[in-house]
1. Working only with C-alpha atoms, what are the Rg and Dmax values of the chain, expressed in angstrom?
2. Of all alpha-carbon pairs in region 283-370, indicate the percentage at a distance above 21 angstrom.
3. Before rounding to the nearest 500, sum -39500 (n - 2.57) across all DSSP H runs of length at least 4 in the chain and divide by the residue total; then give [θ] at 222 nm in deg cm²/dmol.
4. How long are the semi-axes of the ellipsoid equivalent to region 671-752, from square roots of 5 times the Cα gyration tensor eigenvalues, in whole Å, largest first?
5. Take LYS217, LYS66 and order them by how many other Cβ atoms sit within 10 Å, fewest up front.
6. With a Cα-only, solvent-free Debye model of region 443-541, what are the log10 I(q)/I(0) values at q = 0.12, 0.16, 0.19 Å⁻¹?
7. Just to confirm the number: angle between the C-alpha axis of helix 585-597 and the first principal axis of the chain, 0 to 90 degrees, nearest 10?
8. To test your reading of the geometry: what angle, between 0 and 90 degrees and rounded to tens, separates the Cα axis of helix 381-408 from the longest principal axis of the chain?
Amino acid sequence: MSVHVKKRADYQPPAFLISTVNLTVNLHPTATRVVSVLTINRQGDHNKPLVLDGDKLTLKSLLLNKNDFSDFTLSDEGLTINTDEDTFELEIHTEIDPKNNKALEGLYLSGGAYCTQCEAEGFRRITYFMDRPDILAVYTVTVVGDTDLPMLLSNGNPVDKGQTDDGKHFVTWHDPHPKPSYLFALVAGDFDLLSDTYTTMSGKEVALELYVDKGKKAQGHFALASLKRAMKWDEDVFGLEYDLDIYMIVAVDFFNMGAMENKGLNVFNSKFVLAEQASATDDDFFNVESVIAHEYFHNWTGNRVTCRDWFQLSLKEGLTVFRDQQFSADMTSPLSNRIKHVRVMREHQFAEDASAMSHPIRPDEVIEMNNFYTVTVYDKGAEVIRMFHTLLGPEGFRRGMDEYIKRHDGQAVTCDDFVAAMQSATEIDLSHFALWYSQSGTPEISLSHQFNAQTGKHNFTLSQTTPATADQATKQPLYIPVAIEIIDEDGNQYVDEQGLISNGLIILDTPSLSFSVSATTEKLTPVLLGNFSAPVKVYNPLETDGLLTIFTHGKDPFNRWDAMQTLYSRCISALYDDVTAPIESSLWTGLESAIKSEQGNLELLGECLVIPTFETLCQTRKDIDVARLVAARNQFCLLFAQQLSKVLNHIFLHIDTGDYAYNQSAVIARRCKNVIFAHLARLPEFEHVVVSQFDNADNMTDSLGALKAAQYTRVFETLMARFETQWCHDALVLDKWFALHATQPKDDILAT
């Protein structure tokens, strides 16, 4: 079987454009009839045939300019039309089988409801079409269904509805904004409806409609409130206003893509919409708000301005992930949000860079388009956008965004177009920075430090290298913004003599650069990569006292957290190498002092008490014996609990979480308390506390906190059985139960 590799360099502008699409979809479980009327325009002076994509379609008839047409070639991949017309109307009648569409691409029937998923190439399973993102058309869609499907939904605004002669009913939708076929959506079924309105900054009232499975209406209020917060935030921060009369969200258990930003009709899996105190954790509430916002933000960064081709996917996804990260930071906790994103990078994206799947955020070739949806394209892509924001500053980035929208509204564009818009907003030459789009791999930066006692100068050399990856053997130096501060043992700040550090930032755009600092003290601590200013690995050889200095005196809270993570990783690494390796008592003394100093800062404390995960630890070593690494981590966690139990228990007892509420201070308090709780639960004398928390929890966060802590106790199976009995009726909650079973620390876990 031959494999067809698609290459970015092979892109050709479309030979034809489709300006309008008039669809009629007459729903039937196994024989849905689709009538597509297309207005098509030849582009340029050529005699190429019109090639339409199609997959698993039954062609019933074809008309060109309202006349039967037979000069076509039909294949498993599509339909080729031979015509000399430059502007013409093509009417295509097809039949599809939603019930047996097990690919869940295009139109499918599941759980008694019809639903679509068209990104990346699913529209070709509904009708013959130029199924590529640079074909932008205005859609008018009529959905016809039986009366047991009371909700007939599609993109845009509803413009007509009524009854058909054969006892069915229909709704016609019109979307005035040109869009690519991957944003087409259709949903038909019987749902509970939650309604609200939002008044935009220009005074337009928008109807908000949330459709959920029957009986789930009460769990949708938080999602609808999240949508309104996202709409307001996008107006305040980016000046972007919603552009239709109605915004709809459908949430169903069977949707397989998580969430999809179809124009005006978002479709979600229920887990990203449904949330209430009893059954949803703080993380669930966070994810609902974040994903609701992400899909809404696509209205401008993805829908109004879309991708020329799928190699440009990070254009919309990296940018929109960054936007939803900024939104979540404003709605909740900036530090915890940043750490969450960095963990994704270190645990997953860095691993992808080091694997056979390595690719840049704008890949050069692919076999299957659906394989583009990676942590590199999304999350590393967001980090590249964040570096733009760091370099240009909030005001400069906003100017660049305004220019991007102004230039390209209603267009399908490229990553280069985005860079050009950013370039218009700054005097910084971004040509070198643009290499981030085409070079794969994780850069590694290192710092060497020598002190000359005679001159009183500290000499620093900052270097970068990017190891070869599976897809690229040769690497070039990147343009890396490195947030940096240089402090002494008392927290005093120092500046370099060369003036390379500006506003706490140094640009590393060559293999190495050197700078010096004058200071009478021998002990200066360089603090690198504040707020994770670039998606790189850092090698900064600091001793324990230097790391504790960062935690005590560093200005950047991310650096303070990262210093503790480095300290823990080194201890675990030492135990990995030698299970009897002693951990100096001075370390525990220093940690106890550091913990006590942050009792009033539960956000930082809660994050700093989290021990690095196995996945993170894998990034710190090249030789990985899985069992040894797991054992070393468990050994350190037990030592941590034993040595620090007194101070941890004191803080645990004095954290007042109060009655449940989902707000920043309450979430921070619960997180810190449950992190400490997980440490203490490793000690037998705290087993009764585990049972007590489980018995008295008034929310899912604390219930799961107790169950996670119970993994190291004798009561785990008993509590899990009680939890299953209580929640056996709720599929989303049972997913958490299954996850706890699958991840419990047992040697024979695979046998169960």
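1. 28.5, 98
2. When every Cα pair of region 283-370 is considered, 41 percent fall beyond 21 Å.
3. The helix-only estimate for the chain comes to -11000 deg cm²/dmol at 222 nm.
4. The three semi-axes for region 671-752 are 19, 16, 11 Å.
5. Going from sparsest to densest Cβ surroundings: LYS66, LYS217.
6. At q = 0.12, 0.16, 0.19 Å⁻¹ the computed log10 ratios are -0.40, -0.67, -0.90.
7. That helix lies at roughly 60 degrees to the long axis.
8. It is inclined by approximately 30 degrees.
Throughout, read-outs are computed from the coordinates displayed, never taken from laboratory work. None of these values were measured; they are calculated from a predicted model. In this analysis, Cβ positions are derived from the backbone assuming ideal geometry, glycine residues included, and neighbour counts consider all displayed protein chains.
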